[in-house]
1. Exactly one of these conditions fails for B:Lys322: (1) under 22 Å from the mean Cα position of the chain (by Cα); (2) within 23 Å of A:Leu67 (Cα to Cα); (3) not aromatic (Phe, Trp, Tyr). Give me its number.
2. Restricting to the range B:4-27, name every residue that is part of a helix (DSSP H, G or I) and modelled with pLDDT of 95 or more.
3. Pick out the one residue from B:Gly575, B:Gly568 that is over 21 Å from B:Gln407 (Cα atoms) and surrounded by 16 or more Cβ atoms within 10 Å (Cβ to Cβ).
4. Would you check which residues across the range A:72-94 are among the β-branched types (Val, Ile, Thr), part of a strand (DSSP E or B) and more than 30 Å from A:Leu7 (Cα to Cα) and list them?
5. Just to check your reading of the model, which residue among B:Asp278, B:Asp340 is closer than 21 Å to B:Gly568 by Cα, more than 14 Å from chain A (Cβ to nearest Cβ) and among the charged types (D, E, K, R)?
6. If B:Lys152 meets every condition in (1) touching a His at 6+ places or on another chain (Cβ under 6 Å); (2) at the interface with chain A (Cβ under 10 Å from one of its Cβ atoms) apart from one, which number is that one?
7. Please specify each residue of the range B:123-143 satisfying the condition of being surrounded by 18 or more Cβ atoms within 10 Å (Cβ to Cβ) and either more than 12 Å from every other protein chain (Cβ to nearest Cβ) or under 13 Å from B:Val81 (Cβ atoms) (or both).
Amino acid sequence: MKHIISLLMENEAGALSRVAGLFSARGYNIESLTVAPTEDATLSRMTIVTSGSDDVIEQIIKQLNKLVDVVKVLDLNDGRHIERELMLVKVKATGALRDEMKRISDIFRGRIIDVADGSYTIELTGSGSKLDAFLEALDKTVILETVRTGASGIGRGDRILKV
Amino acid sequence: MDQSNQQKTGQISGAEIIMRCLHEEKVKFVFGYPGGAVLHIYDALFKQKDFKHILVRHEQAAVHAADAYSRATGEVGVALVTSGPGATNAVTGIATAYMDSVPMVVISGQVPTAAIGMDAFQEVDMVGVTRPCVKHNFLIKDVRDIAITLKKAFYIAASGRPGPVVVDIPKDITAEFAEYSYPKTVEMRSYTPVIKGHSGQIKKAVKILLDAKRPMIYSGGGLVLGDASNELIKLAKALGYPVTNTLMGLGGYPATDKQYVGMLGMHGTFEANNAMQDCDVLLAVGARFDDRVIGNPDHFLSVPRTIIHIDVDPSSISKRVKVDVPIVGHVQSVLGEMNDLLASETKKPDASALKSWWAKIDGWRTKKSLSYDGSSTSIIKPQYVIEKLWEVTKGNAYVTSDVGQHQMWAAQYYKFDKPRRWINSGGLGTMGVGLPYAMGCQLADPKAQVACVTGEGSIQMNIQELSTCKQFHLPIKVILLNNRYLGMVRQWQEFFYENRYSESYMDSLPDFVKLAESYGHVGMDIEKPGDVEGALKDAFAMKDRFVFMNFLTDQKENVFPMVPNGKGLSEMILGSDPNKDDAANEIEG
């Protein structure tokens, strides 16, 4: 099953490679990994999307907690949470496609953020599955380029990950 | 020299700060090898008298010796190596210590800060290279961070589940000046190891233990590292339950005690492995159910039993085997609490169930799974050498081993009654550790008897340390079980590869006696069983001499019992089995 794991770690050189190294050394999956500083400059927040059986996820959490730089780890799937990902897609937009691309983008509540003679760049935010659905709705041949940030996640309501 | 590198009043150099920190940590020995990037450090080292530097002949040996010093004493071992090849040579030693959770601080030199990333001479990304095999590592980028970083390094190495910590220090940092103050304590919000176990879980565990019909206590390296041997003995004695130790846990429970059923695992005794498989309640203490211990986990779990697992590292719990009562905490503290609870408990173990359980175990014992054919008067059996070693040293020696058949025989036939006496590479299985391990033990306890049980393959992997032993007058006794084969490889080839002995024969061996003598040591060739005991007595009588004993042993001897890879614990091949070779072949098919 897919899990979104959030963690806070010391904002130090090499911290990211400790996490990435752990996943590759122990053969855990990484679907996506995002990292950025928080409002507290000494802390980085990382969101990892991974998949595995309950036993594997339990081990992942334990192994992450074992890393000396990791301050806190939370499996967002343990409770209600919100997941968001940003995607930029450059699509072919010539002739009839110019209208069609605009229409599909509107349906998915995307925004066209760059317009060129032969292409649009569409910005889309949502859960990973929404972004997947958007890509599936497009004819493969019209997609020129795709870039995704990987998921960020946050607990709903009072669920807070903070030091 | 720029302005920042001018010494101001009250300031000392980075190299001197390192010396002061090591002094604060009460370091007695630093094992190392100098080189360009650590020259400032070695210059500061030259001027101090707080600790002794042991100059090895290869950085790998420095780390192994520091590792053994730690295993023998419980203190943090310290090694010092230069950048680049010095650092990479240390990696095998670091990985060895990591796999066996040995607390150690390895200081490696690094090229000057400005040269990092420039592919400078003797540059390697040590923090990157060692990341997967350290508990933690640091690259120091400011002279003012040296003291706090070393404080953290020693704290991290020794606390929680111990392990090696690498501190990489660029050369320029060791030459710059800063004021020095060593923090008394260190707090890290991201690192807060647990000590006390959950009292509710401990109560539950005691209740389950008292209700057991076929109980078993299984303890590992964590018990030895956690110095909880006395607590375990007290617990086992109060309950009257059988105890087995893992390879790493030998000596944690006295081997000559009647409740001890021997080592378990791939080469464990018939009684230990069967009791492990057949028990209804298992108390695991500082052990991790690894593949060499429980064999095939599915086979192990095919019978129901309740498992209580005490470990300081939560990630060791339910990693390979799901447990029923996990207790995360320091083994000494948890076992102490269990003993207190038992003392105030009116309920006693089920005496009649225990009696029939012991009868069953005694039945397994009659198999005498460690018996071997010792009738030959011309060929020395390796097992016999270890038995005699135990007798001659009265069970009191530090025994280090390398990796292979000799390691298993040492583990099976030397009866360790005390913890921290059996020093071997259990996790990583590093050939070549034996001699440097013996150096670390001898320095830790100069008057003690130290035996390095080794093979002719392993000993040659760090043979250069004969020179270090000469320099520091280390009266180690090398017990070389020389069968002219990479014995364990040959054994597997015999069992599982139809006797195709691919590259497992050791040709062109040196004359070990002459080799030892060339370093000023004593060498002995022992070729007859009748000479074994006398030679050992002679060797150990030479209290101030390094003696290299070359025992020519049976070339065809195999280690039994053996649980073939992927098989269950109770599916052992025994040495007494007349069809043992066929049995092995059939199993691998």
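1. (1)
2. Step one: filter the range B:4-27 for residues part of a helix (DSSP H, G or I), giving B:4-5, B:14-24.
Selection gives B:Gly14, B:Ala15, B:Glu16, B:Ile17, B:Ile18, B:Met19, B:Arg20, B:Cys21, B:Leu22, B:His23, B:Glu24.
3. Details: B:Gly575 fails: over 21 Å from B:Gln407 (Cα atoms).
When all the criteria are applied, what remains is B:Gly568.
4. Let us first name the residues in the range A:72-94 that are among the β-branched types (Val, Ile, Thr), namely A:73, A:82, A:89, A:91, A:94.
Now drop any that are not part of a strand (DSSP E or B), which leaves A:73, A:82, A:89, A:91.
Residue satisfying the conditions is A:Val91 alone.
5. Values: B:Asp340 fails: closer than 21 Å to B:Gly568 by Cα.
Just a single option satisfies the conditions, and that option is B:Asp278.
6. So the condition that B:Lys152 fails would be (1).
7. Matches in the range B:123-143: B:Glu123, B:Val124, B:Met126, B:Val129, B:Thr130, B:Val143.
Okay, residues lined up against (1) away from chain A (no Cβ under 14 Å); (2) surrounded by fewer than 24 Cβ atoms within 10 Å (Cβ to Cβ); (3) over 21 Å from B:Leu264 (Cα atoms):
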{"position": "B:Phe177", "(1), (2), (3)": "yes, yes, yes"}
{"position": "B:Pro183", "(1), (2), (3)": "yes, yes, yes"}
{"position": "B:Pro193", "(1), (2), (3)": "no, yes, yes"}
{"position": "B:Gly200", "(1), (2), (3)": "yes, yes, yes"}
{"position": "B:Leu232", "(1), (2), (3)": "yes, no, no"}
{"position": "B:Ala238", "(1), (2), (3)": "yes, yes, yes"}
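The values are calculated or read from the model by the stated rules, or taken from the named source; none is laboratory data. None of these values were measured; they are calculated from a predicted model. Using ideal geometry, Cβ is built from the backbone for each residue, glycine included, and neighbour counts are taken over all protein chains shown.
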